1. Where does the charge balance sit around Pro21 when Lys and Arg score +1, Asp and Glu -1, over other residues with C-beta under 13 Å from its C-beta?
2. Provide the gained length on full extension for the span Arg14 to Asp36, in nm with one decimal, where the gain is 0.36 nm per separating residue minus the Cα-Cα distance.
3. Rounded to whole Hz and in sequence order, give me ³J(HN,Hα) for segment 25-39 from the Karplus expression 6.51 cos²θ - 1.76 cosθ + 1.60, θ = phi - 60°, writing x for Gly and Pro.
4. Based on other C-beta atoms within 10 Å, arrange Val54, Val24, Val40 from fewest to most.
Amino acid sequence: MSKQKHTMEKFDGRCCICRGPIAVEYGHWKLGHNADPIHVGHGRCCRLCNDGLVIPVRLASAFQRKINENFPGNPGGAGDVRSDPEG
Ligand SMILES: [Zn+2]
């Protein structure tokens, strides 16, 4: 079995994105937010970075995945401009 390394042991109470201190939330929660996919596999982020960066990136990648599912022949997704050198 594989034991997943916990991010907790590395956690220094600071946001892995902006390096600012992570505030206590909900009266007791001091581990901030999961920074995936901006910081994959390690680190926690503050609420500002979570709301302003992590969530939009997560939504965008989910959206991109949906595009790829619905238009499998178009790997670049919408707005992909292909230049044809033979053209
Ligand atoms: Zn931050």
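1. +3
2. 6.4 nm
3. 10, 6, x, 8, 7, 10, 9, x, 10, 5, 8, 4, x, 6, 10
4. Lowest to highest Cβ neighbour count: Val40, Val24, Val54.
Any read-out appearing in this document is the output of simple, stated calculations on the displayed coordinates, not a laboratory observation. These figures come from a predicted structure and were not determined experimentally. Here Cβ is always computed from backbone atoms with ideal geometry, including for glycine, and neighbour counts include all displayed protein chains.
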